[in-house]
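Remarks on the structure that follows.
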Amino acid sequence: MRETVVRVTGPSPYDVVIGHDLADRLPQLLGVGVQRVAVVFADALAELVRPVLDSLAAAYDVMVLPIPDGERAKKAAVAVSCWEALGEAGFTRSDAVVTFGGGATTDVGGFVAATWLRGVRVVHVPTTLLGMVDAAVGGKTGVNTRSGKNLVGAFHEPVGVLCDLSTLRSLPRAELLAGLGEVIKCGFIADPAILTLVEGNAPSGLDADSAVLRELVERAVRVKAGVVSADLKEIGGRPDDPGREVLNYGHTMAHAIERTENYRIRHGEAVSIGCVYVAELANRAGTLGSDVVERHRHAFARVGLPTSYSKASFDDLHRAMRVDKKARGSQLRFIVLSDLAVPTVLAGPSVVDLRDAYAAIGGPE
Ligand code: GLY
């Protein structure tokens, strides 16, 4: 099958198309009435973006907006330079944006699309595994500020997402494996078949052309699509159905580690440690059995992701967790499991449990 389509429902439904060599699908995703397309891409991907530019040039006037690679792009100044270019070109409401790159590119390009003329159409073409299974789906866009990451942004759903697995051929191996951190997280919160696939297949065979990787992407996108279709704006829900917040499984500790490491650790690696931590925490809080905790260690380690951490004191990590935006009021709040694929909220765990869980993943006494 050349492509798989996952539908995201909700206020503005759209398709996520997954497969190989899909650049010619862009006009269908952009829809009718578009005349001009601005392609926001990471400047390091000038060669990789060529098939996308060629496909678009056959149907539209194309303008290119190269931006810095990676997190360096997630700045207000980069959004300003894109707005200025769109202004000079007289970009109108019937024109559209295509983003091409990793999560930082789709975030800032999506933010430009969200804000130009109060919102123009955007299609995301993520080129990293992390981007495909997380950043590009669900409509979160934004930039970082000196006060923190993702504090400025908007919900702006794309009109389509193109997960062209061919673009993963040039992704460094460590980035591909780190992307599996978010995929395995989806296995624990919603789709245990992901865990069976990871456990039952040699990680060396997981590359851009493998059928197993494709199935993992499809399953993780289905998990994310299901969650954001039900709770786009993270309004949340009940303890037995936490809504979009469920996607933050493992992220409170992951963000604290990323801050401690000055963002020199890959997000998926921090998520891997964070998921093992929160499983240990759930075990201490009495919601999760030790067998599922061990399965966390096994699944993440299977693809070479870290499952322990000891580079910070508990007090420093605790402080960092408390400033994470997921802490509500003065209480720390975690998504935990009460079984595989049964997420729930743990609000205000005891400091003893928090500390013990850190010791269980290798934290210094
Ligand atoms: N990355 C978490 C979310 O999209 O809500």
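Values in this text are rule-based calculations from the coordinates and carry no lab data. Predicted model only: the values in this text are computed from it and were never measured. Every residue, glycine as well, gets a Cβ built from its backbone with ideal geometry; the counts of neighbours run over all protein chains shown.
Miscellaneous remarks
- At q = 0.15, 0.27 Å⁻¹, base-10 log of I(q)/I(0) for the range 127-169 (Debye sum, equal scatterers on each alpha carbon): -0.46, -0.94
- In plain terms, the bigger the Kirkwood radius, the slower the diffusion; for the chain, with that radius from Cα pairs, at 37 °C and 0.692 mPa s, Stokes-Einstein puts D at 158 µm²/s.
- Likely footprinting exposure, 356, 21, fewest C-beta neighbours within 10 Å first: 21, 356
- Kirkwood Rh, angstrom, the range 1-141 [1 / mean 1/r, Cα pairs]: 15.0 Å
- Sparsely packed chymotrypsin sites (Phe, Trp or Tyr not before Pro) within the range 286-365, loop by DSSP, other Cβ within 10 Å at most 15: none
- Extension gain (nm, one decimal) between residue 263 and residue 169, 0.36 nm per residue minus Cα-Cα: 31.3 nm
- Counting only alpha carbon atoms, the long axis of helix 76-88 and the longest principal axis of the chain meet at about 20°.
- Principal semi-axes in Å for the range 196-290 [√(5λ), Cα gyration tensor, largest first]: 24, 20, 16
- Legend: residue pairs 75/311; 233/311; 224/311; 140/311; 185/311, Cα-Cα distance threshold 26 Å; pairs beyond threshold, 75/311; 233/311; 224/311; 140/311.
- Modelled this way, with points 7 Å down the Cα-to-C-beta line, the labels at residue 64 and residue 117 are 2.4 nm from one another.
- Each Lys and Arg Cβ is given +1 and each Asp and Glu Cβ -1; about its Cα centre, the range 59-200 then shows a dipole of about 340 debye.
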